[in-house]
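Visitor: After the structure tokens below, expect a handful of questions from me.
Just so you know, all these numbers are worked out from the coordinates, no wet-lab data involved. Computed from a predicted model, the values in this text were never measured in an experiment. Using ideal geometry, Cβ is built from the backbone for each residue, glycine included, and neighbour counts are taken over all protein chains shown.
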Amino acid sequence: MGSEASDEELMLRYGKGDARAFELLYRRHRLPLYRFLLRQVGNRDTAEELFQDLWMRVVNYRGRYEVEGKFTSWVYAVAHNRLMDFYRANGRASFLSHEESESVLEDLPAGEIAADLRLDRKRAVERLLAALAELPDAQREAFLLQQEGDLSIEEIAAATGVSRETAKSRLRYAVAKLRASLGKES
Amino acid sequence: MIEPRDEELSRIYRDAEEPRPPQRVDGNIIAASQRVAGTRPRPAGIRFARRWGTPAALAATVLVTFTLTLMVFERESDLDTTAPEAPPADRPAKVSPAEPRRADQSAKFSPAKPQRAAPATPIPQAAARRDRAEQRPGKGAATSERLGTGQPAFVPEVPRTSEGLRKSEAAKPAPAAPVSDAPNASELRQQAPPTPAAAPAEGALSESAATPQGSSVAAAIANRVAVPEAKERTPEKWLEDIRKLRTEGKATEAERELAEFKKRYPDYRFPEDMR
């Protein structure tokens with residue numbers, strides 16, 4: 001019964017004092033959110049700290065939560081804001097400096113994944129993760145929001161506070177770079 | 001052209017090892033969520049309580065304090081008004097023409113104009129109630145006033161006059177002389193000649209006592225006033241006074257006094273001249 005409830009219902013129930021609703025919500029989103037944070041910051045300790053802090057924000061916001069969209073859009077927006085605080089506190093200004101133009105993206109070729117990597121899944125994953133870590137923060141975030149949060153381009157734009165076109169370009173650029181990393185032999 | 005969502009890339013990404021948050025972190029978060037869940041079930045109510053809790057508590061405190069203060073004040077006032085109910089019997093009678101009680105008394109002595117004898121009384125109803133209370137047998141005037149009228153402001157005035165003294169004495173048990181022995185209003189009316197006009201209260205009484213015509217009235221009054229005084233006099237002094245009355249030729253008064261004396265001291269061994 002409880003597991004069939006939507007994220008938004010669970011959050012509202014938790015806001016009314018239903019602790020079990022929060023537990024269900026947490027179990028649904030803990031792994032994607034943790035991966036999102038871990039891959040963004042690249043450090044387990046920092047990721048755990050941010051992860052815990054993120055969920056505390058959710059807990060503290062329970063009384064004010066209103067359904068204005070998907071819970072995932074809201075919670076990843078909270079995660080984004082927490083990340084921005086972290087970047088600012090640690091002098092990582094690169095997040096906002098990587099604004100790609102459509103013209104640059106138009107020039108990127110649609111790289112093919114190498115045949116041997118199609119067979120060697122493990123190596124392909126390693127190559128992908130390595131390339132992901134090399135991406136600019138904003139591009140990586142756009143890719144992770146799509147993969148972990150299952151957000152659309154519009155939702156990514158809303159969660160990160162940018163225009164739809166910017167969000168789309170970031171995502172395209174990230175995908176192009178990742179495919180490129182899988183297409184060539186290292 | 002690159003597609004916004006690359007399914008092949010997504011499949012490779014999903015094959016990656018899934019890092020998990022440590023159980024410690026899970027425990028912390030769940031525990032924190034449960035800890036606060038019960039404490040804030042209705043945020044609107046909490047906000048209301050936060051906003052109005054302090055003013056409401058202050059208002060309640062002020063109300064309780066005021067109520068308690070009022071109760072204490074009322075209790076003290078009640079004590080103040082009930083305390084003088086039983087004044088000392090030897091308290092001198094105060095002459096106050098404006099007092100309604102004087103009007104009652106002068107009405108008894110001046111039957112020709114009883115209405116005029118009631119000047120502007122502050123609370124005539126209270127005076128009437130006092131009269132009614134006076135007629136009740138076996139009940140103290142002060143007590144009946146207090147219970148009947150519920151106007152404690154009048155209670156302390158009662159013993160100021162000889163009438164009040166008489167009432168006070170009537171309320172007291174023996175050895176005081178019974179009030180019924182004192183002449184009643186009809187007796188006094190028979191004894192006293194009609195006065196031309198009702199004089200204001202005590203002044204009229206003093207004047208009538210000074211004239212020869214009013215001597216019997218004065219005697220009656222003296223007799224009534226003497227009741228509380230008798231309490232003070234020793235038997236010897238009382239007999240001495242009776243002798244004095246006899247020598248002054250006031251035989252009637254002397255006999256009356258003697259009768260009073262015998263009632264008061266029935267087993268007294270009288271001297272020869274008094275037998």
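Visitor: For A:Leu31 and A:Asn60, calculate 0.36 nm times their separation in residues minus their Cα-Cα distance, and state this gained length in nm to one decimal.
Guide: Full extension from A:Leu31 to A:Asn60 adds 8.4 nm.
Visitor: Highest mean first, how do A:129-139, A:163-173 rank when packing is the count of other Cβ atoms within 10 Å averaged over residues?
Guide: Order by mean packing, descending: A:163-173, A:129-139.
Visitor: Here's another thing I want to ask about it. Once both labels are modelled 7 Å past Cα along the beta-carbon direction, what's the B:Glu18-B:Glu76 spacing in nm?
Guide: 7.9
Visitor: Shifting gears a bit: So how much slack lies between A:Ala130 and A:Asn81, counting 0.36 nm per residue of separation and subtracting their Cα-Cα distance, in nm? Spell out each step's value before the answer.
Guide: Values: separation 49, 0.36 × 49 = 17.64 nm, distance 2.47 nm.
Going from the current span to full extension adds 15.2 nm.
Visitor: State, to one decimal in nm, how far the label point of B:Thr252 lies from the label point of B:Phe66, with both points 7 Å from Cα in the Cβ direction.
Guide: If labels sit at B:Thr252 and B:Phe66, their model points lie 6.6 nm apart.
Visitor: Hey, another quick one. For peptide A:12-25, how many partner chain Cβ atoms fall within 10 Å of a residue's Cβ, on average? Intermediate values should be presented prior to the final figure.
Guide: On the way: counts 0, 1, 3, 5, 5, 8, 3, 8, 3, 2, 7, 6, 0, 1.
The mean count of partner-chain Cβ atoms within 10 Å per residue comes to 4.
Visitor: Here is a follow-up. Once you put a point 7 Å from the Cα of A:Arg20 and another 7 Å from the Cα of B:Glu8, both along the Cβ direction, what distance in nm separates them?
Guide: About 4.7 nm, to one decimal.
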